[in-house]
Structure formats: C-alpha cells, structure tokens
1. Checking the condition crowded, with 23+ Cβ neighbours inside 10 Å, modelled with pLDDT of 90 or more, over 26 Å from Pro64 (Cβ atoms) and in contact with a strand residue (DSSP E or B) (Cβ under 9 Å, 6 or more places away or on another chain), which residue from Val322, Val303 passes?
2. Among the residues of segment 100-133, how many are crowded, with 21+ Cβ neighbours inside 10 Å and among the hydroxyl-bearing types (Ser, Thr, Tyr)?
3. Picking from Ala92, Ala30, Ala96, Ala49, which residue would you name as being at pLDDT 95 or above and farther than 23 Å from Trp135 by Cα?
4. Please tell me if Val162 is modelled with pLDDT of 95 or more, under 15 Å from the mean Cα position of the chain (by Cα), open to solvent by less than 30 Å² (accessible area, probe 1.4 Å) and of a type in the set (Val, Ile, Thr).
5. Please tell me if Ala84 is within 18 Å of Pro36 (Cβ to Cβ) and within 19 Å of the chain's Cα centre (by Cα).
6. Being modelled with pLDDT under 95 and under 20 Å from Asp204 (Cβ atoms) is true for just one of Ala298, Ala282, Ala278. Which residue is that?
7. Given segment 162-279, what strands (runs of 3 or more DSSP E) lie entirely inside it while holding 1 or more residues that are at negative phi and touching a His at 6+ places or on another chain (Cβ under 6 Å)?
8. Suppose the filter is part of a helix (DSSP H, G or I), at negative phi and hydrophobic (A, V, I, L, M, F, W, C); does Ala290 pass it?
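The values are calculated or read from the model by the stated rules, or taken from the named source; none is laboratory data. Please read all numbers here as calculations on a predicted model, not as lab measurements. Cβ placement follows ideal geometry from the backbone for every residue including glycine, while neighbour counts extend to all protein chains displayed. Calculation scope for accessible area: heavy atoms of the full protein, side chains included, ligands and nucleic acids excluded. Shrake-Rupley method; radii C 1.70, N 1.55, O 1.52, S 1.80 Å.
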Amino acid sequence: MPLARDARLAVGLLRKALATRRARTDLRRALAERGPLPQNRFRIAVYFADGPVNMYQMRQWYAPLRELAREWPVVVIARSIRGADALLRDDALPVAYAPTVRDVEQVLEEQDVRIVFYVNQNTRNFQMFRYGRRWHVFINHGESDKMYMTTNQFTAYDYAFVAGDAARARLSRTLWDYDIDRRTFAIGRPQADHYSGDLPYTPDGRRVVLYAPTWEGDRPAAHYGSILTHGEALVTALLATGRHRVIYRPHPRSGVVDAAYGAANDRIVAALAAANAADPTAQHVHDTGADLGWQLAAADLAVVDISAMVYDRLAAGRPLLVTRPVDPEALVDDTGYLSDAEWLDADSAADIVARADRVLDDPDAVARLDHWVRYYFGDTAPGASTERFHSAVRTLMERWESWNAGVPA
C-alpha cells in the first residue's frame, strides 16, 4: 500500500508539473499577444492568489464586476501561473499577472488602485495588506452559515461586503470590538441580477431537482459534503421515477481529500449517463460549467449541503432541502436559516421523492422561505442588489478621497 500510494503521489506531482509548464507557456503567449495594460486606468483591483481549482470563486463575480467596471475599471491581480492562465482564457476581466511581490508593486505603481477586493482567505492575501492608502475589502465568494463566515480574518480587512442582516448578526456574535455598522456593507447577492447560462435540456412535465453538494472538507468541523452519505441514495431514487430530471452540480474540489468521496461522485455521474442512455428524453444533467444561475432559476427543488449554495438558492426564493451532516463534529450554526430549514437526514435520502413532494406543496414552507430570504438578502427585486453594491463602492471611493486629502470621513 505505501508503494502504491507513493506511486500515485509521484504521478500526481508529475501531472501537476506538466500542467504548470503548459500553463506557463500558454500564459507567456497570451500576455505577449495582449500587450501591456494601459497605465493609470484601473481604480479597483481583485486580488486572486489561487489556481484553477478555486476559479469558481472568481467566476461568480465576473458579471457584477463587469457591470461595476462601467463606472470604475477593474483589473484582476493574479499571483499563480495556472490561475492567471485560467483568467486569461476566460477573458472576462483585464488581468495583471504578478507572481512576485515586486510585480505586485509594479502594478500598483502603474495603476491608481483605490479599492482591492478579495474573494477568499488565501494566506497570500497578507502580502497585499502591506500596501496602504487603499481600501482592502473582503467580498467573499458566497453567503453561508459555515464557520468560514465568522473567522476572525474578517478583521484584517478594512471593510467587508456582506449579504444582509443575517451576516451582520453572525459577525456581531463572533468578532470582538469590531464596528459592524461602519466596516460592513450589506449588498445582498449581486450575482442574482446576472443569472447566466442556457438550459441544456428541453423543459417538459418532469419535476427538476438540482443536487449541488459541496466537497468533503479538510477537517471534521467542515465535513458538510453529502455525496458519500446522501448523494447516491437520493440520485438513485430520483432516477427511478421517470418523472424527475436531475441536475447534478458537484463542487469542483469533490474528492481532492477523500478518494472514497471522489469515487461516489464518479458513480453518480455514471448513473446519470446510464439513465440518459436508457431514456434519452430524461435529459439528466451533469453540470460542471462555469455559469451559475440557470440551475437556480430552473429547478423546482434544490438539494444542497451547508455551503454557499444554500444561500444562492435562498436568494432565488425557491424551495430547497439541506442535507444534515453525518459527522457530529461538523459545525452547524443553527441560529439563522438553518434553525428553520427543511433538513434531509442521510437515512431519509432514499425517500427523497416523498420529501420533495411535501416541501413543494406546503404553503407554510413557502411562507417561512420568504421570511428568511428577506433576512439574509434584503430586497431581492431585480437590480436592487446591484445598486447596493455600487452604492457601497461609491461610499468607499468618497472615503478614499477624504482620507487622501487629509480630511478623514
């Protein structure tokens, strides 16, 4: 076993090295073809020190940031080779590749960056914090009640853009001596104003169920993933009815820590393919695309783990079930929506059809959902969240002007 494990590790390292070499070559070519970025153009930067595995954190912000860039041009400062390569391939926002600290300083010398956004808590964010005379703003990559949302790392940023009252209450309970009113801006979910993607199936009489599990987690407190505990049973039950369509959207990191979790994911994918082969009209979907939005809008019911997907779905105002973690050490904040959520236990996963029918047809469940939508996201009318996002940026730009002029706001 140790030899086999070492061999797999060596193969994995070799593949990673080859992928990095290809990315470096492609990146150099793309940067040469694009040429230098115009100087003194960008007022807002998004700092991204990750590689391709966390590109989902950036991609969900593309549309809101492109909208924002109409008023304040936005550039992404990319620190890793493969991350920068992926960003350039997406061609959604201008990219400044800055692998070294000196390269970061060069970008800041060439651009009048006044606000720096961060979509995650990468430890290399600390390298960017050294540069003052600009606001460092945590915008995160989703709203949730995971422990990640109450980390003391929030205090390292000048400001944080949060979804709404639920986030502020969560931070107030956790952070010491943190001025919630001044240092946080409630902006809702701007992504909900930019749902993207086309339906990959033809709508018919089938009930559509979105199953969007998170990854297995890298420690017991974060063991929220359900693929191994719930996923196979619930997908098998839905495929068997002939009256449901499954959209399966697993987290991109599924299986990176636990091989058994990855194997369960592979079996679900194979089951979907087999069901489509047996009945081409079923049109079940294994969704690995970059677009997030059509799934949330199209599904009659969503089954999700404790993750940002709970709140992405909540922002859509549509029915959902939340899988209950099996690991007793998984931290569950039951003071907010999760105290009133429709839960799906592992031993009830095979009974998903009956559970789905009840949730979809229960008027009390609909009323509870509406209450929590308002608590987490405020006004979800089209365009309302985008306006709050832009308003928060305007406020910070005004504060920048005041501080820069020596008259603190």
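1. Val303
2. 1
3. Working: Ala30 fails: at pLDDT 95 or above; Ala96 fails: farther than 23 Å from Trp135 by Cα; Ala49 fails: farther than 23 Å from Trp135 by Cα.
That would be Ala92, the only listed residue that is at pLDDT 95 or above and farther than 23 Å from Trp135 by Cα.
4. When the stated conditions are applied, Val162 passes them.
5. So Ala84 passes the test.
6. Sole residue among the options that is modelled with pLDDT under 95 and under 20 Å from Asp204 (Cβ atoms): Ala298.
7. In segment 162-279, the matching strands (runs of 3 or more DSSP E) lie at 207-212, 244-248.
8. no
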